[in-house]
Amino acid sequence: MLTDNCISHGFDIRVRYSDTDQMGVVYYGNYPRFFEIGRTEFLRSIGLPYATLEADGFQLPVLELHARYHKPARYDDLITVEATLDTEALGATFEIEYVIRRSADVLVTGSTKHAFVRAGDFQPVRPPHQFRQALETAALHKRQERS
């Protein structure tokens, strides 16, 4: 659910032939990959590429994944993947919500739940300062754009 505390980022993907199945629609198992791309691009959009988090010794494993399929995407469709994070819901774990659209048609909605862990031993840790700071900066820019 979108609130004033939500930060979103969307980007377009052209459906490739290899994304489709024998029925000519995007194979359902490819949508989690689109979610991952959405998550990665979301982090890049707030100024914190995932590669930077990894270089600093953090990883973001997926704890849960949910997807609801509303309509199929087909070969050569231009789809938009939008990833949204509610900054007020940031704790030991957090959720990113996704909406995949073709123009105005909602094709897939879903979410992934994550926790930060240390890369070396996979032990849970609090969200790192650079992540919290990047979210605060993105939220500030969003508020300034609305003003």
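The values are calculated or read from the model by the stated rules, or taken from the named source; none is laboratory data. In this text the structure is predicted, and so the values were computed from the model without any measurement. Note that we place each Cβ from the backbone using ideal geometry, even for glycine, and neighbour counts take in every protein chain shown.
Miscellaneous remarks
- Subset of the stretch 74-96 (residues that are farther than 21 Å from residue 137 by Cβ and crowded, with 20+ Cβ neighbours inside 10 Å): 79, 81
- Candidates 90, 63, 78 - the one that is modelled with pLDDT under 95, over 12 Å from the mean Cα position of the chain (by Cα) and hydrophobic (A, V, I, L, M, F, W, C): 90
- Among the residues listed as 15, 26, the single one being over 21 Å from residue 128 (Cα atoms), in contact with a helix residue (DSSP H, G or I) (Cβ under 7 Å, 6 or more places away or on another chain) and crowded, with 18+ Cβ neighbours inside 10 Å: 26
- Where a residue in the stretch 103-124 is of a type in the set (A, V, I, L, M) and modelled with pLDDT under 95 and its partner, wherever it lies, is surrounded by 17 or more Cβ atoms within 10 Å (Cβ to Cβ) and assigned to a strand (DSSP E or B), with Cβ under 9 Å and at least six apart: 119/58
- So residue 48, is it assigned to a helix (DSSP H, G or I) and either in contact with a Leu (Cβ under 9 Å, 6 or more places away or on another chain) or of a type in the set (Asp, Glu) (or both): no
- In the stretch 91-102, the residues that are of a type in the set (Ser, Thr, Tyr) and free of Cβ contacts under 8 Å to residues at least 60 places away in the same chain: 93
- Single match in 95, 64, 41 (criterion: among the acidic types (Asp, Glu) and in a helix (DSSP H, G or I)): 41
- The stretch 22-38: number of residues that are modelled with pLDDT of 95 or more, in contact with a strand residue (DSSP E or B) (Cβ under 9 Å, 6 or more places away or on another chain) and not in a strand (DSSP E or B): 10
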